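Q: Pasting a structure here, questions to come.
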Amino acid sequence: MSIQAQIALCSEHYRRWKDIALTKGDMKAMERAFFWLELQTAFIALHALEQSRNDIKTKRKLIIAKTNLSKKLAEYANEVLNELR
């Protein structure tokens, strides 16, 4: 998945959870909205760095950062699955 698609996905989920949080006053929904906003911000920062830097050291750091974001998404998915059980 491209970084632009990841940013769009985060934005979509953020809007959905924000709307739920605002209409229902649900704190769990607010936490999820902030999670998606934080993730979106991180992907935007990574995209900006990718566009502005081309050296090997930066590319390695970007790969590590993307890996960490993927881990965070996996943890979130695991949490949601546990809640559904």
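What follows is calculated from the coordinates using simple rules that are stated; it is not laboratory data. Everything quoted here is computed from the prediction, not taken from an experiment. All Cβ positions, even for glycine, are placed from backbone atoms using ideal geometry, and neighbour counts span all protein chains on display.
Matching residues to (1) closer than 16 Å to Tyr76 by Cβ; (2) surrounded by 14 or more Cβ atoms within 10 Å (Cβ to Cβ):
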| site | (1), (2) |
| --- | --- |
| Arg16 | yes, yes |
| Glu31 | yes, no |
| Gln40 | yes, yes |
| Phe43 | yes, yes |
| Ala48 | no, no |
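Q: Quick check: anything in segment 58-77 acidic (Asp, Glu), surrounded by fewer than 12 Cβ atoms within 10 Å (Cβ to Cβ) and under 15 Å from the mean Cα position of the chain (by Cα)?
A: If we filter segment 58-77 for residues that are acidic (Asp, Glu), which is where we start, we get 75.
Add one more test, that the residue is surrounded by fewer than 12 Cβ atoms within 10 Å (Cβ to Cβ), and what stays is 75.
Still in the list and also under 15 Å from the mean Cα position of the chain (by Cα): 75.
The answer is yes; a qualifying residue exists.
Q: Here is a further query. Among the residues of segment 1-57, write down those that are in a helix (DSSP H, G or I) and charged (D, E, K, R).
A: Within segment 1-57, Glu12, Arg15, Arg16, Lys18, Asp19, Lys24, Lys28, Glu31, Arg32, Glu38, Glu50, Lys57 qualify.
Q: Just one of Ala65, Ala42, Ala74 is among the small types (Gly, Ala, Ser) and out of contact with any Leu (no Cβ under 9 Å at 6 or more places or on another chain); which is it? Give the steps one after another, and end with the answer.
A: On the way: Ala65 fails: out of contact with any Leu (no Cβ under 9 Å at 6 or more places or on another chain); Ala42 fails: out of contact with any Leu (no Cβ under 9 Å at 6 or more places or on another chain).
Checking each option against the conditions leaves just Ala74.
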